[in-house]
Structures are given as C-alpha cells and as structure tokens.
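Nothing in this text is a laboratory measurement; each read-out follows from the coordinates by a stated rule. Quick caveat, the model's predicted, so the values are computed rather than measured. Here the Cβ positions follow ideal geometry from the backbone for every residue, glycine too, while neighbour counts run over all protein chains shown.
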Amino acid sequence: MKLKIQLIVPSVTYLKNELLFLLSVILLFFTSCSHHENVKNIFHYNEQSGIATLDPAFAKNQSIMWAVHQIYNTLVQTDNHLNIVPSLAKSWDVSPDNLTFIFHLRNDVFFQDNETFPGGKGRKMTAKDVVYSFERILDKNTASSGAWIFNGRVDTVRPFTAIDDTTFQLKLLKPFHPIIGVMSMQYCSIVPKEVVQKYGKDFRRHPCGTGPFQFVAWEEGQALILKKNPLYFEKDSTGQRLPYLDGIKISFLENKATEFLEFQEKHLEFINDIDPSFKDEVLTKSGTLRKDWQGKIVLVKHPYLNTEYLGFLMDTSLSIVNNSPLRLLKVRQAINYGFNRRKMMVYIRNSIGTPAESGFIPAGFPSFDSTAVIGYHYNPAKALQLLKEAGYPNGKGLPAIKLLTVPIYSDLASYIANELGQIGIKIQVEAIQKSLLLEQTAKSEALFFRGSWIADYPDAENFLSVFYGGNPAPPNYTRYKNSKYDKLYEAALAEKNDSIRYKIYQQADQLIIKDAPIVPLWYDMVIHLVQPYVKHFPPNSLNLLELRRVKLEK
C-alpha cells in the first residue's frame, strides 16, 4: 500500500495525523490477518466525490451508501434479482389490512466491538435498537435526509414497537406496499443508541453497526480503511463465516484519469462507470471492450434502475408555462418523436444504456414490459405532422426553446438540439452547474430541463411517485397533475398481488407517455471495469456495492 505524505513544510498536527493514520493501517493488517502475506486480501476502490459521513441517517448518495452498506445491516435486503430477502429479520408477517408489519429478528447478531460497550465488546442487537434507529430518522433534532421515507406513511402515535427482544412491529397510516422495499434502504440501517449518544454529531466518524466490515481509520481526503468483522453473523453454504476479504481501502482521487491509471497499475480492484475522457479508448461504439483491453480487464454491464430524461414544466398557473408553446401536448410529443435515440446511444454513449422507447419505468424492474408500455420512436414525419397540427408548420412561428442541462451532458443536449433543428424546432442549450439546475427545478423556474431518476428502493412505485399530483418538487419536478393518474398510483400502493400491481404500474406509465411531461432518453446501465482476479462480484440493478462474498484470486 502506498501512503503519500506531502513534504511542503508540514505542520506538527499534520504529521501527527498522518502518523496516526499510518499506524491504524498497520494495525489493520496485523489484527485482521492471520499471516502478514494476507495483506493482499484487501479490496481497493476509489471514491472520486469523497464520503461526507458514515452515519446511515444521512446516506443520501451513492458514495455514502456504498461505505455504509459495508458497516451496517438493515432488516431486509435485496438480492441480485431485486427480490426482498431476510437480513437482520428472519421473516415478517403483514396484517390483512396491510397496515401492520411484524418482523421476527435474528437472535445471533452483535454490534461490532466499541469502547462504549462494557469491556469494549459488541453487545447483542435487539428490537429496541430497531425502534431507536427508526425514531432517530424521524427525530427533527437528527435532521436526517431520510426522514421522507417515513413521513406521512407511518402511524403518528406509535409507529415503531419492540414487542420483545426479537420481535419488531411497524404500523402504517395507510397501505403502502413498497414499505418492505424501503426497509432495505441504507437509511434504515440499525445503530446502537449508546454509541450514537456518546459521539453525538461526531458519530459520522465513529460508526458502529452489525455489518461485515468495521471501521479502522479515516483520513478525509486520503483514505478510509475498514477491516473484516470477525463476528459477522452471515455464513456461506459450507458454514464459513462471511466476508472472505480481510479489509477494504477506499481512496479519494478526484481525477478520473488518475483513477484509471491506478486501475491499470492494479492498485484498484474495479472502477465504477467509464469517464467520457477515456471511454473511446476502452470501448467500441457497440459497447464492447477494444482488442487492446480484452483479457486484461473484465467489462461488466447490467441494467441500472436509472432513467435519464428531459422534463417539461406543466403547471399552467405559471406565466412561464402559459406563454410557452411547450404547454401544447402536440409540441411536446413532436419533440419526443423528433430525434433518434438509438443513434444517440451508439455515437455519444458507446451503447452504454438502452434507448428509452418505452415508459419512464426503466428496464431492470419486474414490471418493465416494452410491449405493454409503448413509448416514442424516431419518426420525423410524425413530428412534423404534430407541429403542423399545433399551428407551427415546419416549425414556422415556433420560438426558440431553452434547454437547461449540466456541463457533463452538453454533448447529448447539443445532439438533440441539432436533430430537432432539422425539423424546425430550435433548441438553445444552456449548461449550468448541477446545484443551480436542482434549485431552479425545485422552484419551478426551469421550463425545459435535463433530469434523471435513480431508484431509492427496488419498487417501480418510486418512479411513478415522480408524477403523483400530491407530491411537491422533489420528486414532482414537472408539476404534472392528472386525477386519473393519481387514482392509478393510489390503487397500486394498496395492491398486494404483484401481477395486478405491475399491470397498474404499466397503465400509469402509459398515461405519462401519452401526456408527455417528459422526454425519456435512455435506461441506464451499471458499467464496471474489474480486475480479472476479482471473483464473485456480481452487479445489481441498484448499483449497490456488495463485497461480502468477493474473493481476490491473485
């Protein structure tokens, strides 16, 4: 392992911190490995954006979720096929009215060792820990970014109850079938009260959970080190205790080119996604490895529950909507028909993703069916017909339309603008910072904007909620409102039968396509570049980093 130490007049504090970090790393190797040579059994990956916290109550983005997932467990989890399966809960029961959920917990789960516990040894997890963890999310003093998962959904009097040490009860205000999927989110990780209270806000740097790896050291901007939890409860089919790895090292290189060089030098086990700066060097236009890389690295592609789209502001009570031709359905539909998604994916995306020619719900969900939900295909003749019917023959009289996007998607927006320009729809692309775009869409100040929606939990309801009339922005950035759609959405929430619920999802999705508050662009893909010696590292549609069964066969 390499540790870079700056030699430019370092302060005593800096040297002290670096020394402590180095000692922690050494401690990892000699306490978690039975033999010194097993230091090779450390999984390395880079987190370009850094990690803001290790407190699951604030697991709002992928970088935090990946790290939190290694340290903590939730009551339930998703398998590689998006099925909800047991984790801390062995099983669960649902009342006939779909309002009360009883979770039966494992009796062999212990929190990781921590100085807060008597003798420093981790204590057994009980249902009281579940109650505390969930109440903490709702507590306004916590200010958790995950409070929305329970707000307006759980009982306002006594939502969480520990019936006994191994039985936890959840009560809802009204039926919400996707709640089981919500339980798999990292926000719902179980934490020990005494450790949280000891460290207060600094719990972000002193995590303690029940997960497969436990905290060792974190030098922000340098690296985060985790080591194997020797008392982790899960075992493989042969009875061997998981995980197989001895530890994890996460680096924080900000430059993607540097990250790629580190990967080439085998200092990283994998890279998530391919940066535009080198995607043409690695991938063909059809999305396969170029010959120079075949046999040297492994390319892994998998459906990702993320839909990239362009959104239209639909609230006709706003003057910016009423004074725009985008208020007209046929203009919005013409835009949908007026550019070639398939060509866009090949030449700009190197076939990373699937053209969004169905609904808003992406490929990867069980309810996805391109034959049941018919979307928009490239049809310039149809687009011209719609423009004529809208009063803009060949685009005559149609004012220029501004499209707000972020810099990384400027090339895609320019491609779409060029294609639409050929049928008389003039698009002005304006690239602004992501934070400003989010602010403008949240305040209904963006008339036509680039957006994306990534699944928070493995249920298509999460995507349909984006258009529910009762929801603010986020998630309803378009301010779409349709009473027929809202009734379908509400019916889906109360439906227990999966097959029936999927049909309702499809009906609602088709209605979105008909009303065209969006322009679906593509359904995303998980792209991993992986070292050949990394085994048992399957991708999943949530792109959650799963390392419990990974082996390094160097």
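Working ranking of peptides 231-237, 462-468 by packing, defined as the average number of other Cβ atoms within 10 Å per residue, highest first, is 462-468, 231-237. Normalised by the number of residues in the chain, the mean separation of alpha-carbon contacts (under 8 Å, six or more apart) gives a relative contact order of 18 percent. In the chain, the calculated helix contribution to ellipticity at 222 nm averages -8000 deg cm²/dmol per residue, counting -39,500 (n - 2.57) for every DSSP H run with n ≥ 4.
Computed from backbone phi with θ = phi - 60° and the Karplus coefficients 6.51, -1.76 and 1.60, the 3J(HN,Hα) list for the range 539-547 is x, 9, 5, 8, 6, 8, 6, 10, 10 Hz; x is used for glycine and proline. Sorting His81, His267, His528 from the fewest to the most surrounding beta carbons within 10 angstrom yields His81, His267, His528. Applying the Kirkwood pairwise sum to the alpha-carbon positions of the range 439-504 produces a hydrodynamic radius of 12.9 angstrom.
The Cα center of the range 70-137 and the Cα center of the range 315-355 differ in position by 44 Å. Convex hull volume per residue, computed on the Cα atoms of the range 72-203, equals 117 Å³.
Taken over the range 263-382, the convex hull of the Cα atoms encloses 170 Å³ per residue.
Taking every alpha-carbon pair under 8 Å whose residues sit at least 6 apart, the range 304-526 reaches a relative contact order of 36 percent. Were the residues from Ser237 through Thr161 laid out at 0.36 nm apart, the gain over their Cα-Cα distance would be 24.0 nm. Specify the inter-centroid distance of the range 445-487 and the range 358-420, based on alpha-carbon positions, in whole Å. Between the Cα centre of the range 445-487 and that of the range 358-420, the gap is 18 Å. Within straight-line reach of Lys514, meaning a Cα separation under 24 Å, sit the following lysines at least 8 residues removed in sequence or on another chain: Lys330, Lys343, Lys382, Lys388, Lys402, Lys426, Lys481, Lys484, Lys487, Lys503.
Put a dot 7 Å past the Cα of Thr371, heading toward its Cβ, do the same for Leu436, and the two dots end up 4.8 nm apart.
The label-point distance for Ala494 and Lys396, in a model that sets each label 7 Å from Cα toward Cβ, rounds to 5.3 nm. The Rg/Rh ratio of the range 304-526, with both radii computed over alpha carbons and Rh defined as the Kirkwood radius, is 0.94. Computed extension gain for Ala381 through Lys171, at 0.36 nm per residue and net of the alpha carbon distance, reaches 70.2 nm.
Rounded to the nearest 20, the Cβ-based charge dipole of the chain about its Cα centre (Lys and Arg +1, Asp and Glu -1) stands at 640 debye.
Using R0 = 30 Å, the C-beta based FRET efficiency linking Asp93 and Lys121 works out to 0.35. A straight Cα-to-Cα reach below 18 Å connects Lys60 with the lysines Lys140, Lys201, Lys434, residues fewer than 8 places away in its own chain not being considered. The distance between label points at Asp315 and Lys198 comes to 4.8 nm (points 7 Å beyond Cα on the Cα→Cβ vector).
Peptides 152-158, 403-409, 278-284, 474-480 ordered by packing proxy, namely the average of other Cβ atoms within 10 Å per residue, highest first: 474-480, 403-409, 278-284, 152-158.
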